[in-house]
1. Could you please let me know if A:GLU562 is part of a helix (DSSP H, G or I) and surrounded by fewer than 20 Cβ atoms within 10 Å (Cβ to Cβ)?
2. Return the only residue of A:GLY385, A:GLY389 being under 41 Å from the mean Cα position of the chain (by Cα) and assigned to a loop (DSSP other than H, G, I, E, B).
3. I want to confirm something. Restricting to region A:428-482 and keeping residues that are of a type in the set (Gly, Ala, Ser), over 17 Å from A:GLN283 (Cα atoms) and not in a loop (DSSP other than H, G, I, E, B), which single residue is farthest from RNA strand B (Cβ to nearest atom)?
4. Considering only region A:400-410, I want to know if a residue exists there that is within 24 Å of A:GLN281 (Cα to Cα), in contact with a Lys or Arg (Cβ under 7 Å, 6 or more places away or on another chain) and touching a residue at least 40 places away in the same chain (Cβ under 8 Å).
5. For region A:569-591, give me the residue count where each residue is closer than 21 Å to A:LYS97 by Cβ and near RNA strand B (Cβ under 9 Å from one of its atoms).
6. If A:ALA594 meets every condition in (1) within 11 Å of RNA strand B (Cβ to nearest atom); (2) of a type in the set (A, V, I, L, M); (3) in a loop (DSSP other than H, G, I, E, B) apart from one, which number is that one?
7. Could you go through region A:293-301 and let me know if any residue there is closer than 19 Å to A:ARG436 by Cα and touching a strand residue (DSSP E or B) at 6+ places or on another chain (Cβ under 9 Å).
Amino acid sequence: MRSPIVKYLDATPLFGSLARINCWPERRPSVQIHLRLDRHYWNLTMRQSRHVGKTLREVPKDTQTAAHALMLRAGYIRQLSAGVYTYLPLLHRTLNKISQIVREEMAAAGSEELLMPALQSQELWVESGRWERYTAVDGIMFAFKDRRGSTACLGPTHEEVVTDILRQEIKSYKDLPRNVFQIQTKFRDEIRPRFGLMRAREFIMKDAYSFDPDEAGLEAAYEAMRLAYHRICRRIGFQYRAVEADSGAIGGSGSQEFMVLADTGEDVILFCDRCDFAANQEQASSRLEEFPQDAEMRPMEAALGEGLIGVEPLAKFLEIPVWKTTKTLLYDSGGQMVAVMVRGDCDVNEVKVANHLGGAPLRLAAPERIREMTGAEVGYAGPIGLPAGVRILADRYVDGRVNFECGANRTNYHNINVNFGRDLPRPEFGDFKLARQGDQCPRCAGRLQAARGIEVGHIFKLGTKYSEAMSCRYLDAQGQSRPVIMGCYGIGVSRMAAACIEQNHDDRGIIWPPQIAPYHVHLIGLNLEDPVVREGAESIYQRLQQERIEVLFDDRPLRAGEKFSDADLIGLPARITVSKRTLEKGQVEFKRRAEGQAVQVGLDEAIERIRQMCAASTDS
RNA sequence: CGGAGCGUAGCUCAGCCUGGCAGAGCACUUGGUUUGGGACCAAGACGUCGCAGGUUCAAAUCCUGUCGCUCCGACCA
């Protein structure tokens, strides 16, 4: 039985899809006038014969991650320039679904959606004090002159704009709290765009901002967002961890990152094997073994250790344990030279050093500069005898050692039996070492484990950084003027799509979780040039539409192998195959992408299974 | 920013060293045979060799510049 056809003038310049079907298989369609029933379910269904985003058989070069390669091959993205991509129809649907989940959870957490300009002016960024850092220093913001000669930029984030909007809105404590969010394209001139959507120069982000009268309000807003982020990650089905994080250039106090676990992740996270401690490596602290120390200080002397670079050979040569050696690294912190000492078996956590120094960008000193300051080749720097004006920091594990080693600021020489207080003044101590896998948890007796993660969400307590700088203030009940307390909360929407693929794929393609799959079902029609099969497949297609199931119908005149391979690549969660063979038995073939085996069932049964699959995924 | 590599058909690439008609596979078009896991036969279409300049009788090839894309990089004190 042909699907119901009513007279309808389709004014589109394209052939109506049924028109094309009707002239099948003559292959020279003439324009005919028909109802396109799928028009009523426009956003539910698509015929693959009309779909933009062909699959590629060959793997494009220059792809480093599975998600990047699969997105290109399966027709989800096309690159326009470095770190700039078109989101083709399939990905666009997935992005909409992720956005919808985010919208629902943000609304449930009391945030109100708006949309701010991506095109911003220099003025606000100068006012907040971030212009220099974002343009000249880090150069992460696209900035340019408009035709009137004033400087404009494309927003990498929206603290300035939102603070400007809300300061016009908020006058009294009665105007608080407020919480707004937007889902928008952001621009960052990344030093190195890579991994497709993972680190792009143009990407979709959800950013939310909270405005509260006091710390308690901020706590509540932050907690609401934290819970919303957990719900979002759970609904998408991520394997993830929320970790303590550094708040970086945005500024502020507390912050957490939501990290999707993946070997290709750019961040290292550390978590305790006993308690719930978890942190970004940049932020993590840890405890180290401490060792019994010598009872007496021995005289300091300079030991000749020719060409000994690296603490392992040095320790072996000097016949001392590695923990007695000391690395002294020289940095330039916005013009101030800084020496940082860590125990020989440790590395410097540059983020912590930079934060300790007030946030100025930290760079390792150039070799010429090191020679100039130490009077020695690179590799022999030490804290004794550095020029006045060099600020000396030391990790706390450098302290407490008796008779330690350090560089002598003299090529090939190392000072041994060095002791603070006697041979040099005690420097500024702090937590400056990089925590590592195997270190002891800072909170309990457990050990730290490491994993790589993709940062898909980040929540910050900003405090008054922007409200002070930009004068976003209110009058409290006593008539006192106070700065609004702010928080900001970001989610990388397009990055989430990439992270999901990174976590859900096999060697044949993507395996979407139903809740963010572009369509629920891939309907594969085989041998459609047979009019009986064509009719059967069409009526199943119509039926799925009537059941409000999102379906991509592969109605192309291709061989079975190509269709199945494409279906595996595109990765819709369920596949229904219709062919002469199945129709003769009055059945269809149903297969889940995540599972191997296909089963022959009636159409009603297949529909029921799809419903169950979708329901199961939204319950979680 | 520093270092390196690559730009040739829609895609993946060969040709460049040693200058001499622009190539292959896949994809595409047509016809035929096939038809449930990326088939086969035959015929065809497809190019400003990134761009600009230079050398040369002659440049994809050599030289200079330029634009684009990609990779690597501070693990050493």
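1. Numbers: part of a helix (DSSP H, G or I): yes; surrounded by fewer than 20 Cβ atoms within 10 Å (Cβ to Cβ): yes.
Criteria met by A:GLU562.
2. Working: A:GLY385 fails: under 41 Å from the mean Cα position of the chain (by Cα).
Step by step, each of A:GLY385, A:GLY389 is checked, and only A:GLY389 is under 41 Å from the mean Cα position of the chain (by Cα) and assigned to a loop (DSSP other than H, G, I, E, B).
3. The initial filter retains those residues of region A:428-482 that are of a type in the set (Gly, Ala, Ser), namely A:430, A:435, A:438, A:445-446, A:450-451, A:453, A:457, A:463, A:467, A:469, A:471, A:477, A:479, A:481.
Restricting the remaining residues to those that are over 17 Å from A:GLN283 (Cα atoms) gives A:445-446, A:463, A:467, A:469, A:471, A:477, A:479, A:481.
Next, only the ones that are not in a loop (DSSP other than H, G, I, E, B) stay: A:463, A:467, A:469, A:481.
Details: A:GLY463: 29, A:SER467: 32, A:ALA469: 28, A:SER481: 42 Å.
Here the residue is A:SER481.
4. If we filter region A:400-410 for residues that are within 24 Å of A:GLN281 (Cα to Cα), which is where we start, we get none.
No.
5. Filtering region A:569-591 down to residues closer than 21 Å to A:LYS97 by Cβ leaves A:569-576.
Okay, now just the ones that are also near RNA strand B (Cβ under 9 Å from one of its atoms), so A:569, A:575.
Counting residues in region A:569-591 that are closer than 21 Å to A:LYS97 by Cβ and near RNA strand B (Cβ under 9 Å from one of its atoms) gives 2.
6. Condition (1) is where A:ALA594 drops out.
7. So in region A:293-301, the residues closer than 19 Å to A:ARG436 by Cα come out as none.
So far as region A:293-301 goes, no, none of its residues is closer than 19 Å to A:ARG436 by Cα and touching a strand residue (DSSP E or B) at 6+ places or on another chain (Cβ under 9 Å).
Rundown of residues vs (1) over 18 Å from the mean Cα position of the chain (by Cα); (2) among the hydroxyl-bearing types (Ser, Thr, Tyr); (3) more than 23 Å from A:GLY490 (Cα to Cα), yes/no style:
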residue: A:CYS444; (1), (2), (3): yes, no, yes
residue: A:GLY453; (1), (2), (3): no, no, no
residue: A:GLY457; (1), (2), (3): no, no, no
residue: A:LYS465; (1), (2), (3): yes, no, no
residue: A:GLY479; (1), (2), (3): yes, no, yes
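The values are calculated or read from the model by the stated rules, or taken from the named source; none is laboratory data. Every value quoted in this text rests on a predicted model; they were computed, and no experiment measured them. Cβ atoms come from the backbone with ideal geometry, glycine included; neighbour counts cover every protein chain shown.
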